[in-house]
Amino acid sequence: MPITVMRRARENRLAAIAVAALMLVLVLVLLPTQRAAAHPTGSTGVFLTVRQDAVDVKMQIQKAGFVAATGYDIATEQSELDAISDNLMTFLLHRVHISDEQGALTASVLEKPTFATVNDEDAIETTLRFTADRPLRGALDFTDDFIIDVVPSHQVYVALISDWDDGQIAEGDPKVIGVLGAGVTHLTWERSDTDPLHGLLAVIRLGMLHIAEGTDHLLFLTTLLIVAPSLATRARRGWRWQQPIPVKKTVGRAALTITAFTLGHLITLALVSLGLISFPEKPVEILVALSIAVAAAHALKPLLPRGELLIAGVFGLVHGTAFATTILELNLGFGETLVAIIGFNVGVELAQLIAAVLVLPLLIWLSHARAFGGFRTSVAIAAILAAAAWIGGILTDQDSVLQPVFTGIASYPLVSYLLLVALVAALWYFTRTTASSGRIEVGR
């Protein structure tokens, strides 16, 4: 075996070992976070969506508490619940109240009661709407003495899903703003200077956080960008990667890839958020993981010249569907949804741009070292393993076996990035090419 080939093989092994060491360090130093349940067993959950002139109140009432408070010892049969539905809603309309600084809001039934399972307990779900014939003003007062007046130990967890004008928009679990019980049946939450602009700014931030904390989206983007400093050239068997290429061309290739991804996810983000199309959640999650595997396969060996553009655009449609889930969970009105689509997409693009600015210079730097091929291969293999772990977790309704790593990276982005910089610097130092080494001049 020629000395040059042996040296490059050693350098590729060095890159693979370095990437594996980085993954091990991340596992050891980064701790996972756990997601809290919506509300603990033995309680009622109340979820508020504040609109410009109304408040939607979704209630999850534990069945045992409902039986204790009303005396209706019903089975978990929808027909039995339907038989007492009118009485139950009349009772709730007299026991639950909302007002702002200008007076009480008018209550009506938005969704009739149905049975559901919440925290492994039987519960009754229903939604009330409290409306005003004017924009809401100032602090909002919430009163609920249903069940509490009969069972004082019962607790009512009141959580805010969204308040657009106040800029209160939280991704994931709603924000708990108060707990009723032990004789307390009333709470007030202050609202700052309300303005629709607050909602726009909040949803831009939400889009940025979605990328920053969404390791699946970041891994997909990184796996696409890792081929930017390389050129797919024809080999005896298909195509192979060669590098480096001029910096200007690398930046241009990266920009086109990000643009293709942006156009793809913007289309489905808008269509799904507006309710024009919909897809089952689990297949979408599997396709997101599959997109990472396809991008990684392309990084291992070019599927076709500039294949990253096609992968970014096609699978961008899938990622946009996943993005839309966040907007749908905010339960916004039509006008607010239109603004949210624009704002969320702006946030996503800002986060992607920041990620590209941080990662692309490192890739360009390392592309001038002999270890770059091994590094690209190692990252691609790690991405395939991560995608497989995600798919396994989705199919079994459990967290991925690599979830501690994913959560840790999202929780400690600065540490993760500094480790990456250190790894790239070490690989470049030990395998850097001489100044006289030529680069590939390309026209593609």
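The values are calculated or read from the model by the stated rules, or taken from the named source; none is laboratory data. Everything quoted here is computed from the prediction, not taken from an experiment. Cβ sites come from the backbone with ideal geometry, for glycine too, and all protein chains shown count toward neighbours. For the accessible areas, the whole protein counts, side chains as well, though only heavy atoms, and no ligand, DNA or RNA atoms are used. Shrake-Rupley method; radii C 1.70, N 1.55, O 1.52, S 1.80 Å.
Just checking, how many residues over the range 156-197 are closer than 13 Å to ASP145 by Cα, open to solvent by 60 Å² or more (accessible area, probe 1.4 Å), modelled with pLDDT of 85 or more and hydrophobic (A, V, I, L, M, F, W, C)?
So the answer is 2.
So is ARG137 basic (Lys, Arg) and farther than 20 Å from ASP100 by Cα or not? It would help to see each step written out before you state the result.
Numbers: basic (Lys, Arg): yes; farther than 20 Å from ASP100 by Cα: no.
No, not satisfied.
Provide a single number: the residues in the range 362-413 that are of a type in the set (D, E, K, R) and in a helix (DSSP H, G or I). Step through it out loud before you land on a result.
If we filter the range 362-413 for residues that are of a type in the set (D, E, K, R), which is where we start, we get 370, 376, 397, 399.
Narrowing further to those that are in a helix (DSSP H, G or I): 376.
Looking only at that region, the number is 1.
Would you pick out the residues in the range 314-333 that are touching a residue at least 60 places away in the same chain (Cβ under 8 Å), assigned to a helix (DSSP H, G or I) and open to solvent by 40 Å² or more (accessible area, probe 1.4 Å)?
Once the filter is applied, which keeps residues that are touching a residue at least 60 places away in the same chain (Cβ under 8 Å), assigned to a helix (DSSP H, G or I) and open to solvent by 40 Å² or more (accessible area, probe 1.4 Å), the range 314-333 yields only GLU329.
Give the range 218-248 a look and list any residue that's closer than 24 Å to PHE315 by Cβ and surrounded by fewer than 19 Cβ atoms within 10 Å (Cβ to Cβ), or say none.
GLY238, TRP239, ARG240
Looking at the range 249-265, which of its residues are over 18 Å from ALA369 (Cβ atoms), in contact (Cβ under 8 Å) with a residue 12 or more places away in the chain and either more than 20 Å from the chain's Cα centre (by Cα) or open to solvent by 10 Å² or more (accessible area, probe 1.4 Å) (or both)?
Step one: of the range 249-265, the residues over 18 Å from ALA369 (Cβ atoms) are 249, 251-265.
From what is left, the residues that are in contact (Cβ under 8 Å) with a residue 12 or more places away in the chain are 249, 251, 253-254, 256-258, 260-265.
Answer for the range 249-265, where residues must be over 18 Å from ALA369 (Cβ atoms), in contact (Cβ under 8 Å) with a residue 12 or more places away in the chain and either more than 20 Å from the chain's Cα centre (by Cα) or open to solvent by 10 Å² or more (accessible area, probe 1.4 Å) (or both): LYS249, VAL251, ARG253, ALA254, LEU256, THR257, ILE258, ALA260, THR262, LEU263.
Give the range 95-145 a look and list any residue that's touching a Gly at 6+ places or on another chain (Cβ under 9 Å) and closer than 20 Å to LEU187 by Cβ, or say none.
ASP100, GLU101, GLN102, ALA132, PHE142 - these are the residues of the range 95-145 that are touching a Gly at 6+ places or on another chain (Cβ under 9 Å) and closer than 20 Å to LEU187 by Cβ.
Are any residues in the range 119-140 in a strand (DSSP E or B) and over 18 Å from GLY199 (Cβ atoms), and if so, which ones?
The first filter runs over the range 119-140 and keeps only residues in a strand (DSSP E or B), leaving 121-131, 140.
GLU121, ASP122, ALA123, ILE124, GLU125, THR126, THR127, LEU128, ARG129, PHE130, THR131 - these are the residues of the range 119-140 that are in a strand (DSSP E or B) and over 18 Å from GLY199 (Cβ atoms).
If a residue counts only when it is within 30 Å of PHE130 (Cα to Cα) and not charged (D, E, K, R), which strands (runs of 3 or more DSSP E) contained entirely in the range 141-246 have at least 2 such residues?
The strands (runs of 3 or more DSSP E) meeting that bar are 155-163, 175-180, 186-189.
Residue under question is ARG134, and the condition is that it be over 26 Å from SER153 (Cβ atoms) and out of contact with any Leu (no Cβ under 7 Å at 6 or more places or on another chain); does it hold? Outline the logic, then answer.
Details: over 26 Å from SER153 (Cβ atoms): yes; out of contact with any Leu (no Cβ under 7 Å at 6 or more places or on another chain): yes.
The answer is yes for ARG134.
Within the range 66-89, identify whether any single residue is assigned to a strand (DSSP E or B) and either open to solvent by less than 60 Å² (accessible area, probe 1.4 Å) or without any contact (Cβ under 8 Å) to a residue 60 or more places away in the chain (or both), and answer yes or no. Outline the logic, then answer.
So the first thing to find is which residues in the range 66-89 are assigned to a strand (DSSP E or B), and the list is none.
Scanning the range 66-89, I find no residue that is assigned to a strand (DSSP E or B) and either open to solvent by less than 60 Å² (accessible area, probe 1.4 Å) or without any contact (Cβ under 8 Å) to a residue 60 or more places away in the chain (or both), so the answer is no.
Could you go through the range 293-313 and let me know if any residue there is crowded, with 20+ Cβ neighbours inside 10 Å, acidic (Asp, Glu), within 30 Å of LYS249 (Cβ to Cβ) and under 16 Å from the mean Cα position of the chain (by Cα).
No, every residue in the range 293-313 fails to be crowded, with 20+ Cβ neighbours inside 10 Å, acidic (Asp, Glu), within 30 Å of LYS249 (Cβ to Cβ) and under 16 Å from the mean Cα position of the chain (by Cα).
So which of LEU362, LEU276 is more than 18 Å from GLY207 (Cα to Cα) and touching a residue at least 60 places away in the same chain (Cβ under 8 Å)?
Numbers: LEU276 fails: touching a residue at least 60 places away in the same chain (Cβ under 8 Å).
Exactly one of LEU362, LEU276 is more than 18 Å from GLY207 (Cα to Cα) and touching a residue at least 60 places away in the same chain (Cβ under 8 Å), namely LEU362.
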